[in-house]
Amino acid sequence: MNTEQNSCGSEAGPDSAAAAHRHVDHARIQKAVREILLAVGEDPDREGLLETPARVARMYAELFSGLHEDPRVHLRQAFTEKYDEIVLVRDIAFNSVCEHHLLPFMGHAHIGYLPHGRVLGLSKLARVVESLSHRPQVQERMTEQIADLLVHDLGAKGVAVVVEASHTCMTVRGVRKPGSVCVTSAMKGIFRSNVSSRAEVMSLMFGSRQR
Ligand SMILES: [Zn+2]
């Protein structure tokens, strides 16, 4: 058993941040934000809003930096290891942007896998989450994408991913239910087919948690 909490070096490195800014058309975002401000009846030329379009452009470059990155690069650094017990990393903090409203959702991902001869550096799991969360997303798809990547590119015998997140599109607008948490899960391989394996990974994930 191998667990690590809050392992995420979740800031993007300077290289990926620079790449994201290169790929994003800042001038176009600025123009669009100015249009939105006009459309809602604001004056984009008043002092407080003058820098807002440029700020929003820089923010989107950061929030959507994962669009310009292949998350599989983090799996190439897997190493051969005769370890055949569950590897689990829980409480990987992430923030993403709901593609339906372009509002943030944020929370934690818990990832467990059963290696098949290849093991991943623990921080790489956090990198995968980082990459897949920094794009317009829906939580259900992100959960599946993380699990699929570990099955196909790491060759894990089993993968269990649980994501818990709070969606600001549910808390600040619409039904306005602050405190609600959306939980999604994806079970692959042995964790899908074998009930006792699934029970084991779930108890490692949540066994010590006060409910
Ligand atoms: Zn939404």
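Screening Ala186, Ala160 for residues that are surrounded by 20 or more Cβ atoms within 10 Å (Cβ to Cβ) and in contact with a Gly (Cβ under 6 Å, 6 or more places away or on another chain) leaves exactly one candidate, Ala160. The sole residue among Leu114, Leu154 that is surrounded by 15 or more Cβ atoms within 10 Å (Cβ to Cβ), modelled with pLDDT under 95 and under 24 Å from Asp70 (Cα atoms) is Leu154. Answer yes if at least one residue in region 67-84 is away from the ligand (no atom under 16 Å from the Cβ), surrounded by fewer than 18 Cβ atoms within 10 Å (Cβ to Cβ) and of a type in the set (Phe, Trp, Tyr), and no otherwise. For region 67-84, residues away from the ligand (no atom under 16 Å from the Cβ), surrounded by fewer than 18 Cβ atoms within 10 Å (Cβ to Cβ) and of a type in the set (Phe, Trp, Tyr): present. Only residues that are within 14 Å of the ligand (Cβ to nearest atom) and among the polar types (S, T, N, Q) were counted in region 133-163, giving 2. One residue stands out among those in region 1-53 that are under 30 Å from Phe206 (Cα atoms), among the small types (Gly, Ala, Ser) and surrounded by 14 or more Cβ atoms within 10 Å (Cβ to Cβ): the one that is modelled with the highest pLDDT, which is Ala12. Only one entry of Glu85, Glu130 meets the criterion of being outside any strand (DSSP E or B) and more than 20 Å from Ala186 (Cβ to Cβ), and that entry is Glu85. Among (1) more than 16 Å from the ligand (Cβ to nearest atom); (2) part of a helix (DSSP H, G or I); (3) at pLDDT 95 or above, which single condition is Ser123 missing? Against the list (1) more than 16 Å from the ligand (Cβ to nearest atom); (2) part of a helix (DSSP H, G or I); (3) at pLDDT 95 or above, Ser123 comes up short only on (3).
When the residues of region 103-120 are narrowed to those that are of a type outside the set (Gly, Ala, Ser), under 30 Å from Arg176 (Cβ atoms) and in contact with a helix residue (DSSP H, G or I) (Cβ under 9 Å, 6 or more places away or on another chain), which ends up farthest from the ligand (Cβ to nearest atom)? Restricting to residues being of a type outside the set (Gly, Ala, Ser), under 30 Å from Arg176 (Cβ atoms) and in contact with a helix residue (DSSP H, G or I) (Cβ under 9 Å, 6 or more places away or on another chain), the top hit is His110. Within region 86-104, residues that are without any contact (Cβ under 8 Å) to a residue 24 or more places away in the chain have Cβ atoms under 6 Å from residues that are away from the ligand (no atom under 11 Å from the Cβ) and in a strand (DSSP E or B) in no pair, counting only partners at least 6 apart in sequence or on another chain. Candidates Val195, Val175: the one that is free of Cβ contacts under 8 Å to residues at least 40 places away in the same chain and within 15 Å of the ligand (Cβ to nearest atom) is Val175. What do you reckon, is Ser166 within 19 Å of Ala93 (Cβ to Cβ), within 16 Å of the ligand (Cβ to nearest atom) and either of a type outside the set (Val, Ile, Thr) or within 21 Å of the chain's Cα centre (by Cα) (or both)? So Ser166 fits the description; yes.
The values are calculated or read from the model by the stated rules, or taken from the named source; none is laboratory data. The structure displayed is predicted, hence computed values, not measured ones. Counting neighbours? That spans all protein chains shown, and the Cβs are built from the backbone with ideal geometry, glycine included.
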